[in-house]
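A.B. asks: Here it is, the structure, as structure tokens.
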Amino acid sequence: MSSSKDVFRDIHRPGDVVADNYKVLDFLGDGGSGGNCFVAERQSDGKSLAMKVMSFRGLKSWKQLELFEREALVLQNLSHQGIPRYIDYFELDSESDKRFYLIQEIAPGVTLRERLEAEGWRPSEAEVKSIALQLLDVLEYLGSLRPPVVHRDLKPDNIIIDQAGGNRVYLVDFGGVQAAAAGMNSVNSTIIGTFGYMAPEQFGGSAVKATDLYGLGATMLYLLSGKHPNQFPQTRLKIDFSGQVEVSETMGDVLESLLEPAAEDRPSIQEVRSFMRQEGLMKLRTRTSYKNGRVKIERSFASLSVTILPDGPGGSLSMASFAVAWNVFIFIWTRGALISAGPLFAAFSLPFWFAGANLGKQAMQSFHDARCQDELIIRRDEYVYGRELPRSVTGRGGEKVRKETRGRRRDLKLLTINELYRANDQAVGAVALRGSEGKFFIGAGLPEDDLKVIYMEIESFLD
């Protein structure tokens, strides 16, 4: 079977002059969305340009021609240093064929994929960051158009890097572009993209502004790992690269956020760019949050934080007062029984003494829980559980003491909502977990609704 280069040499050979203005110099490569590319010299000024050709005779489907014409139409209205400039578009007829031509400036360099796989390049994290920031600028420009433009096929094959030009990058092949406004409900849209680099919403034919951010994240993962995204395992449609790619915490957060399966969960271009430039000094926006009474939950793309704030003394003091009153009453009754009826009759008070002791224990536990601040932080690779309490609880002054345990995230198991004890005939529960150091609880004494929210947030994040 002949190669595409051999086939399209039948269309143009070096020395051919097209439209009396463009002299073919060499075959450049496949055109991505359709057609093939040649290097051509403009006769008027001798400038080398990229000439993309689509042969009607060589069409495999009408969609190829539609994408080719769409690319020409879109490029006419684009002007950005990271996009090769549109020059011309025309059609030529012959006795046996009709050909369509798109002329652009040449993006100097090679594709990211060629540089990695053919040249053996292994970019540093700083180089990947530089590439990502340049592409974010391009995507921001496309998103500023009215309507916003979505590339839909952002991948290493469609990104040219110019090593001689200081690793400047160019985004090419706009045949799959779609207006984001139209893409919101494009039930009948053609699925455009490359498996592994396509955002999940593209499988339904949809494209929104955040769609290209997924392709950017997948491309960054490829650059950092040398592996295509579809070679990584997935959990609920999300690429799981933990433990397989050595990156900084900042870069890991960026990858996690860009590769969110749901488009609405990905950050904005401005957020990602600011986060990368400030080296993680700021936070990417939280995806979900919950704040009610003593409970504060913050969830970012790479971590979950559950904080239980200290409670006021009201509830625990009320319980303690009841426990004291109960035991005082039992003491008085037992004393009277001993005096009037003797030890045998007084022994009937023993069950009440046990109940009083249990009340006292529960009151002390309630008082302790109310004064403490609990915090559970789950990150990509670890978890940290901390309990902070004033030293006044232990009688050692007013400073706070923090006790902390930590372990690997994969060792953390969510169990259930346990009833710890009963107070004033009410169940006191907490969320039970098991870590590397054993079982522990968070949220003791909280209302049931709060405990359910905590449980569901942890369950969702661990999945």
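The values are calculated or read from the model by the stated rules, or taken from the named source; none is laboratory data. Just so it is clear, the model here is predicted, and its values are computed rather than measured. We place every Cβ from the backbone using ideal geometry, glycine too, and count neighbours over all the protein chains shown.
A.B. asks: Counting only residues that are in contact with a helix residue (DSSP H, G or I) (Cβ under 6 Å, 6 or more places away or on another chain) and either surrounded by fewer than 24 Cβ atoms within 10 Å (Cβ to Cβ) or among the β-branched types (Val, Ile, Thr) (or both), how many does region 136-152 have?
C.D. replies: Residues of region 136-152 that are in contact with a helix residue (DSSP H, G or I) (Cβ under 6 Å, 6 or more places away or on another chain), as a first pass: 136, 139-140, 147-151.
Restricting the remaining residues to those that are either surrounded by fewer than 24 Cβ atoms within 10 Å (Cβ to Cβ) or among the β-branched types (Val, Ile, Thr) (or both) gives 136, 140, 147-150.
Total satisfying the criteria: 6.
A.B. asks: Now for a separate question. Show the residue pairs that are 6+ apart or on different chains and have beta-carbon atoms under 6 Å apart, the first residue being within region 214-229 and of a type in the set (Phe, Trp, Tyr), the second being buried (at least 24 other Cβ atoms within 10 Å of the Cβ).
C.D. replies: Tyr214/Ala199
So that you can scan it fast, the table gives a plain yes or no per residue for (1) modelled with pLDDT under 85; (2) assigned to a loop (DSSP other than H, G, I, E, B):
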position	(1), (2)
Ala132	no, no
Leu135	no, no
Glu140	no, no
Leu154	no, yes
Phe174	no, yes
Ala182	yes, no
Asn185	yes, yes
Ala207	no, yes
Asp212	no, no
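A.B. asks: Related question: Are there any pairs, at least 6 apart or on different chains, whose C-beta atoms fall under 6 Å, with the first in region 73-94 and outside the structural domain of Asp137 (by TED's automatic domain parsing) and surrounded by fewer than 18 Cβ atoms within 10 Å (Cβ to Cβ) and the second aromatic (Phe, Trp, Tyr) and outside any helix (DSSP H, G or I), and if so, which?
C.D. replies: Here the result reads Gln76/Tyr86; Phe90/Tyr101; Glu91/Phe100, each pair linking region 73-94 to a residue that is aromatic (Phe, Trp, Tyr) and outside any helix (DSSP H, G or I).
A.B. asks: Continuing with the same structure: Go through region 16-61 and give me each residue that's assigned to a loop (DSSP other than H, G, I, E, B), of a type in the set (Lys, Arg) and more than 43 Å from the chain's Cα centre (by Cα).
C.D. replies: Lys47, Arg57
A.B. asks: Something else now. Name the strands (runs of 3 or more DSSP E) wholly inside region 404-453 in which the number of residues that are more than 30 Å from Asp381 (Cβ to Cβ) and in the same structural domain as Glu388 (by TED's automatic domain parsing) is 3 or more.
C.D. replies: 413-423, 426-435
A.B. asks: Applying the selection to region 153-179, what residues are more than 24 Å from the chain's Cα centre (by Cα), of a type outside the set (S, T, N, Q) and either surrounded by fewer than 19 Cβ atoms within 10 Å (Cβ to Cβ) or on the phi > 0 side of the Ramachandran plot (or both)?
C.D. replies: Matches in region 153-179: Asp162, Ala164, Gly165, Gly166, Arg168, Asp173.
A.B. asks: Look through region 268-326, keep the residues that are more than 30 Å from Lys452 (Cβ to Cβ) and in a loop (DSSP other than H, G, I, E, B), and return whichever of them is modelled with the highest pLDDT.
C.D. replies: It comes out as Ser268.
A.B. asks: Restricting to region 422-435, what's the tally of residues that are exposed (fewer than 15 other Cβ atoms within 10 Å of the Cβ), at pLDDT below 90 and not acidic (Asp, Glu)? It would help to see each step written out before you state the result.
C.D. replies: Quick first cut of region 422-435, residues exposed (fewer than 15 other Cβ atoms within 10 Å of the Cβ) only: 422, 424-427, 434.
If we keep only those that are at pLDDT below 90 as well, we get 422, 424-427.
With the extra rule that they be not acidic (Asp, Glu), the set shrinks to 422, 424, 426-427.
The total comes to 4.
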